[in-house]
Amino acid sequence: MNGRGRMLTGAHWTLFVLFLTNVFNVGDRTLLGVVTEPVKLDLALSDTEMSLLNGFLFVFFNLAGGLFIARFIDRGNRKLILLLGLCCWSVATALTGLAEDFRTLALARMAVGIGEATAFPAAMSLIPDLFARETRGRAVGIYQSSGFVGIIVGTIAAGVLAGAFGWRTMFAICGAAGLVVAMMLLLTVREPPREVPAADPNSRVSWLSDLIASCRRILPLPGFLALTLAFGVSAMMAAVTGAWGPAFLQRSHNIPLTEVGLAIGPSVAIGGICGTLLSGHLADRLVKRHGCMLAMLRIPLVALPLAAPCMAGFIFLPGVGAALLSMGLMNFLLGCAVAPFINYAISHVAPGDRALTSAILLSSSGLIGGGLGPFLVGLLSDALSPVYGRESLRYAISVMIATPLVATGLLMRTIHHASSGRGQNKVTAAGERS
């Protein structure tokens, strides 16, 4: 095999291992959402406390860890950092099964959040060094589809294992499985050369000064702030589905715990996988056809508004089948937004800023989507419970119907500001920025 063939084989194998790592990244964070009801009863917690555990507490430490770790990823050994993160969140997942109250469960979720903060920035730094710009959209789409695979694996595994052995043993088994993937990462993946050499990690520039300087380069880019906010708002319903979807199906549709993962997992994953893969492929085609990076943002501009009525169907349709079909369509459309958002962002910054850029996107997705979304739903569910009883969760989730429309408005601002920017969106025939 020639050198080019070996390079392609190595790139695709590395993408596969990154894919598998992210399956466990997303899968492990969804486990608690599936067993919300038995954990809540065993530990005597409220919906608000569960929303903090599923949302804000996890997200805050995921965010803080991501911003801190991203600069080390941009400057250091990305494989090693990802390996340490994978081991951290896998061990913390296993220890979640030992929780005895809100405090101990919160500590485990914080540790999971810090460990998982390594996965997305590391992958978004590695993929551009493995794949050329003209195929990068598909690579990003493939990687992001792993999140939906993680949802289906996590929800099914959590439901089946918790139903058979109890939720505590379920966490121990899933945590141990993550360590097997860590061994695969250690033994089979090599750190690839960077497109541009990383900054000297032994330089005298402090970490904080370096972080501030990088943010000053990234944040003023035309349309970047609006894009970041749109990415976060568009993630709210997906986060709510992961955190509260299983409980909603149990309360409002009387689906038992052992079957809830089998019900919700395929609906979320199939739609999301198809959406991310299709949008990644379409993004590459649109950029090639129009010679403009902004062209890929037409995909979420169409998909996001169409997601709103699908959300309404999931929440209010009385039949389980119709609700799950609506959920699948909703996740297909929400998934169509993911790859173009990320690909556009990491293609408009210097190679040494890609991990931090992805961490900023992750922060928005985490704080707004994973933090604010589930917390708001849990708070509203407790407030509406005296009036609607078990159905309070249905009406609390319904506030999310407006989120894709808000994200669309922010995306339109992104396109407006980027279009009037300093010519940063044109690309040459070779796929490079002009």
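Since every read-out is calculated from the coordinates, none of them should be taken as a lab result. No experiment lies behind these values; they were computed from the predicted model shown. FYI the Cβ positions are ideal-geometry reconstructions off the backbone, even for glycines, and counts take in every protein chain you see.
Got the relative contact order for the chain handy, in percent, Cα pairs under 8 Å and 6 or more residues apart?
26 percent
Relative contact order for the range 211-327 using alpha-carbon pairs under 8 Å, separation at least 6, rounded to a whole percent?
Values: 50 pairs, mean separation 19.4, N = 117.
Rounded, it is 17 percent for the range 211-327.
Decide, for the range 286-434, between rounded, prolate and oblate: order the square roots of the alpha carbon gyration tensor eigenvalues as a ≥ b ≥ c, take rounded if a/c falls under 1.5, and otherwise choose prolate if a/b is larger than b/c, else oblate. Spell out each step's value before the answer.
Working: a/c = 3.04, a/b = 2.08, b/c = 1.46.
Judged from the Cα gyration tensor, the range 286-434 comes out prolate (a/c at least 1.5, a/b above b/c).
Positive end of the charge dipole of the chain (Lys, Arg +1 and Asp, Glu -1 on Cβ, about the Cα centre): tell me which of 377, 351, 76 has its Cα farthest that way.
351
Quickly estimate the mean residue ellipticity at 222 nm for the chain, helices only: each DSSP H run with n ≥ 4 gives -39500 (n - 2.57), and the total goes over all residues, rounded to 500. It would help to have the intermediate numbers written out before the result.
Numbers: 19 runs with 336 residues, N = 434.
Taking each H run of at least 4 residues, the total per residue is -26000 deg cm²/dmol.
Membrane-span-like helices in the chain: DSSP H runs reaching 30 Å or more (Cα, own axis), mean Kyte hydropathy at least 1.6?
On the way: long enough: 3-34 (46 Å, 0.59); 133-165 (47 Å, 0.78); 167-188 (32 Å, 1.76); 257-290 (49 Å, 0.69); 320-346 (39 Å, 1.68).
TM-like helix candidates: 167-188, 320-346.
Report, in debye and to the nearest 20, how large the dipole of the range 1-139 comes out about its Cα centre when Lys and Arg carry +1 and Asp and Glu carry -1 on their Cβ. Please report the intermediate quantities before stating the final value.
Details: 13 positive and 11 negative charges, 191 e Å.
In total the dipole reaches around 920 debye.
Let me know the charge dipole size of the range 201-331 about its Cα centre in debye, to the nearest 20, where only the beta-carbon of Lys, Arg (+1) and Asp, Glu (-1) is charged. Show your work: numbers first, answer last.
Values: 8 positive and 3 negative charges, 101 e Å.
So the magnitude is around 480 debye.
What is the dipole size for the chain, taken about its Cα centre, with +1 at each Lys and Arg Cβ and -1 at each Asp and Glu Cβ, in debye to the nearest 20?
Details: 31 positive and 21 negative charges, 297 e Å.
Computed charge dipole of the chain: roughly 1420 debye.
Enter the Cα centre distance for the pair the range 314-346 and the range 248-271, rounded to the nearest angstrom.
15 Å
Normalising by the residue count of the range 265-342, find the relative contact order in percent from Cα pairs under 8 Å and 6+ residues apart. Walk me through the intermediate numbers first.
Working: 114 pairs, mean separation 39.7, N = 78.
In percent, rounded to a whole number, it is 51.
Which one of 58, 235, 395 is farthest out on the positive end of the charge dipole of the chain, using unit charges on Cβ (Lys, Arg +1; Asp, Glu -1) and the Cα centre as origin?
So the residue furthest toward the plus end is 235.
Counting only residues 5 or more places away or on other chains, whose amide H sits under 5 Å from the amide H of residue 292 once H atoms are built in the peptide plane?
Counting only residues 5 or more places away or on other chains, the set is 427.
How would you classify the range 224-297 from its alpha-carbon gyration tensor, with a ≥ b ≥ c the square roots of the eigenvalues: rounded for a/c under 1.5, else prolate if a/b is greater than b/c, otherwise oblate?
On the way: a/c = 5.92, a/b = 2.15, b/c = 2.76.
The shape class here is oblate.
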